[in-house]
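J.: Okay, handing you the structure first.
The values are calculated or read from the model by the stated rules, or taken from the named source; none is laboratory data. Just so we're clear, the structure is a prediction, and the values are computed from it rather than from any experiment. All Cβ positions, even for glycine, are placed from backbone atoms using ideal geometry, and neighbour counts span all protein chains on display.
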């Protein structure tokens, strides 16, 4: 097949959408398909066998004053899509996503006569431009990792001022995504839990959705030979600024532990740790926590491999890469039951009630020195990842979804 992938941020280091794009694109090529990717900045450096088509973005949402003017193209602001993006951003709306889909539509009008794509696969932009693409006569599929309604709900829970809440509501393009998603030919999602939430929040019928679990590159995420597990060492991987990740509940759990542990935090170098640092100081945990900031993939695998336990205390996960990555590296997992984490971990790890730091502390205490049980969970985690979470398996299932849509 000739497949056109869309991702409004294409670089793997820009977040999960870039990682997802890279692995499914390269695996589709490996399985014999012709793959093009229309991407916004930050652009991917390279994807093997994939033809890239780059779309610009003027970043009006973050630019202020005369910085919005491009000296090389001073009248660029008057382009209809640029004007749309600029004026929406001044109302506090995050219009980067919808603008990307409009620009992608105009580009596809030029590309389709030449390449004759069989199918368009969008990566959770769900912008109005996708509906314009239907005029090209190409089936359109979108991956929804989880509905943005979850992000909005969790963000509003942490805000205390009316102004802050209003700005947050304006920021999230929920109305657009609710309108667009039921009108596409098929929705691919990454867990049964996300499937239910997409039906609940976006009104997409169950029969219009297909679950395809995410994968991992098991040539990268694997136990490192020769690395010895550090006893009583925990690892947390995730954005500590994101309330969905539940880092605060892990910090509180540490205070309830009977056994003293060390916590390794890989947080991507989060620039704002004021609230977190205050809580760490208040709980007197400074000596127990080591922040690693941004880690290369190689270093991340080493951190996983060294740790005794990986803790994933998220309030919600549409899938939960840190849980799967830890299991792939032979590290047992204790996760909350937030979102799809029970699906990912299953019987290969331990789940605790979300936001329950007392229960989390109890399970850590019970498991941290139990060498036999740790070894059993490590083996079970490795087996589960090999059976369920590889990119070749994921893309084979994805291709079957493509074929069903084309036959329909």
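J.: Take the residues of region 368-403 that are within 21 Å of residue 211 (Cα to Cα) and without any contact (Cβ under 8 Å) to a residue 24 or more places away in the chain: which is nearest to the chain's Cα centre (by Cα)?
T.: Taking the candidates together, the pick is 387.
Here's the yes/no breakdown for (1) within 13 Å of residue 234 (Cα to Cα); (2) part of a helix (DSSP H, G or I); (3) under 22 Å from the mean Cα position of the chain (by Cα):
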position	(1), (2), (3)
277	no, yes, no
287	no, yes, no
295	no, no, yes
299	no, yes, yes
311	yes, no, yes
315	no, no, yes
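J.: Out of 107, 148, 130, I need the residue that is under 18 Å from the mean Cα position of the chain (by Cα), closer than 30 Å to residue 53 by Cβ and surrounded by 14 or more Cβ atoms within 10 Å (Cβ to Cβ). Which one? Before you say what the answer is, go through the steps one by one.
T.: Details: 107 fails: under 18 Å from the mean Cα position of the chain (by Cα); 130 fails: under 18 Å from the mean Cα position of the chain (by Cα).
That would be 148, the only listed residue that is under 18 Å from the mean Cα position of the chain (by Cα), closer than 30 Å to residue 53 by Cβ and surrounded by 14 or more Cβ atoms within 10 Å (Cβ to Cβ).
J.: Among the numbered criteria (1) modelled with pLDDT under 95; (2) part of a loop (DSSP other than H, G, I, E, B), which single criterion is violated by residue 331?
T.: In the conditions (1) modelled with pLDDT under 95; (2) part of a loop (DSSP other than H, G, I, E, B), residue 331 misses (1) alone.
J.: Can I ask one more? Among the residues of region 345-390, which ones are touching a strand residue (DSSP E or B) at 6+ places or on another chain (Cβ under 7 Å), more than 26 Å from residue 248 (Cβ to Cβ) and in a helix (DSSP H, G or I)?
T.: 385 - this is the single residue of region 345-390 that is touching a strand residue (DSSP E or B) at 6+ places or on another chain (Cβ under 7 Å), more than 26 Å from residue 248 (Cβ to Cβ) and in a helix (DSSP H, G or I).
J.: In region 203-241, which residue that is on the phi > 0 side of the Ramachandran plot and at pLDDT 95 or above is farthest from the chain's Cα centre (by Cα)? Full working, then the answer.
T.: Quick first cut of region 203-241, residues on the phi > 0 side of the Ramachandran plot only: 203, 226, 232, 238.
Narrowing further to those that are at pLDDT 95 or above: 203, 232.
Numbers: 203: 22, 232: 29 Å.
Here the answer is 232.
J.: Can you list the helices (runs of 4 or more DSSP H) lying wholly within region 99-187 that have 1 or more residues being at pLDDT 95 or above and under 23 Å from residue 86 (Cα atoms)?
T.: Details: elements: 129-133, 148-158, 162-171, 174-180.
Result: 129-133, 174-180.
J.: Same structure again: Taking the condition more than 29 Å from residue 147 (Cβ to Cβ) and either surrounded by 15 or more Cβ atoms within 10 Å (Cβ to Cβ) or not assigned by TED's automatic domain parsing to the domain that holds residue 359 (or both), does residue 321 pass? Walk me through how you get there before you give the answer.
T.: Numbers: more than 29 Å from residue 147 (Cβ to Cβ): no; either surrounded by 15 or more Cβ atoms within 10 Å (Cβ to Cβ) or not assigned by TED's automatic domain parsing to the domain that holds residue 359 (or both): yes.
In short, no.
J.: Among the residues of region 268-287, how many are within 23 Å of residue 325 (Cβ to Cβ) and modelled with pLDDT of 85 or more?
T.: 0
J.: I'm trying to understand the selection: among the residues of region 202-260, which are in the same structural domain as residue 277 (by TED's automatic domain parsing), within 30 Å of residue 182 (Cβ to Cβ) and not in a loop (DSSP other than H, G, I, E, B)?
T.: Once the filter is applied, which keeps residues that are in the same structural domain as residue 277 (by TED's automatic domain parsing), within 30 Å of residue 182 (Cβ to Cβ) and not in a loop (DSSP other than H, G, I, E, B), region 202-260 yields 243, 244, 245.
J.: I'm told residue 265 meets every condition in (1) farther than 25 Å from residue 142 by Cβ; (2) in contact with a helix residue (DSSP H, G or I) (Cβ under 9 Å, 6 or more places away or on another chain); (3) in a helix (DSSP H, G or I); (4) without any contact (Cβ under 8 Å) to a residue 40 or more places away in the chain except one. Can you identify the failing condition by its number?
T.: It fails just one condition, (3).
J.: Here is a further query. Are any residues in region 272-308 surrounded by 15 or more Cβ atoms within 10 Å (Cβ to Cβ), without any contact (Cβ under 8 Å) to a residue 40 or more places away in the chain, closer than 21 Å to residue 231 by Cβ and in contact with a strand residue (DSSP E or B) (Cβ under 7 Å, 6 or more places away or on another chain), and if so, which ones?
T.: Result: 288, 289, 291, 292.
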